[in-house]
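Colleague: Take a look at this one; I'll ask things after.
The values are calculated or read from the model by the stated rules, or taken from the named source; none is laboratory data. In this text the structure is predicted, and so the values were computed from the model without any measurement. Cβ coordinates were reconstructed from backbone atoms using ideal geometry, including for glycine residues, and neighbour counts include every protein chain displayed.
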Amino acid sequence: MPYKTVSRVAVWLFFLVTISPLKLNIFPELPFTLQTLFVLLPAIFESTFIAVLIVFIYVIMGLLGLPVFAGYVGGFDAPTSGFLLGFLIASFYLSKTNVVNFWPIWIHAVVGHFIVLLFGMLNLIVFFDVSMSIFAVGVFCIVALVKSFFVALIAIFLKRYFLKANLKY
């Protein structure tokens, strides 16, 4: 793997492990994190292999016990394992899209967020008999729409910056 690629993987991992664990509880028992934001952003800029590799390394780091998951925790927490699988699938999906404008990026980011939510919530419901209220699902969906907006906004900003600086992304 060329050194430029290794450097880019390291930069994306840096953002994933430092910013993603920040957790905000808007409502009790409903944590919101920046994990999906920094799982989806590399998928917009990198090849499928590199995007999934970044997320895979992140997941492995967390499963090995490093405190990189929401709330600065690590280790295997079975109830959230569906979200981790969703991260990998959403990263794969978004990296396969080739969009450059704000609204198409936003739409694909929404789909990526819903992939993560789908796998995470299905895991909670099927394997752990956790019931999700309509309110909780609605709040998660609204937050996914807002986070997708920021994914698209940051992606457009970075694309313009790279273009202006004559850098290849």
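Colleague: Out of contact with any Leu (no Cβ under 8 Å at 6 or more places or on another chain), farther than 20 Å from residue 110 by Cβ and not polar (S, T, N, Q): which single residue out of 56, 27 fits that description?
Modeller: Going through 56, 27 in turn, just one is out of contact with any Leu (no Cβ under 8 Å at 6 or more places or on another chain), farther than 20 Å from residue 110 by Cβ and not polar (S, T, N, Q): 27.
Colleague: Here's a follow-up. Condition check: free of Cβ contacts under 8 Å to residues at least 60 places away in the same chain and under 20 Å from residue 41 (Cβ atoms). Does residue 122 satisfy that?
Modeller: The answer is no for residue 122.
Colleague: Provide a single number: the residues in the stretch 1-44 that are closer than 19 Å to residue 137 by Cβ, charged (D, E, K, R) and modelled with pLDDT of 90 or more.
Modeller: 0
Colleague: Just checking, which of 103, 12 is within 19 Å of residue 156 (Cβ to Cβ), touching a residue at least 12 places away in the same chain (Cβ under 8 Å) and surrounded by fewer than 12 Cβ atoms within 10 Å (Cβ to Cβ)?
Modeller: When all the criteria are applied, what remains is 103.
Colleague: Considering only the stretch 120-151, how many residues are of a type in the set (Phe, Trp, Tyr) and either modelled with pLDDT of 90 or more or surrounded by 14 or more Cβ atoms within 10 Å (Cβ to Cβ) (or both)?
Modeller: Within the stretch 120-151, residues that are of a type in the set (Phe, Trp, Tyr) and either modelled with pLDDT of 90 or more or surrounded by 14 or more Cβ atoms within 10 Å (Cβ to Cβ) (or both) number 3.
Colleague: Among the numbered criteria (1) touching a residue at least 40 places away in the same chain (Cβ under 8 Å); (2) surrounded by fewer than 17 Cβ atoms within 10 Å (Cβ to Cβ), which one does residue 18 miss?
Modeller: Condition (1) is where residue 18 drops out.
Colleague: Name every residue in the stretch 45-77 that is touching a Lys or Arg at 6+ places or on another chain (Cβ under 7 Å) and exposed (fewer than 14 other Cβ atoms within 10 Å of the Cβ), in order of residue number.
Modeller: Result: 71, single match.
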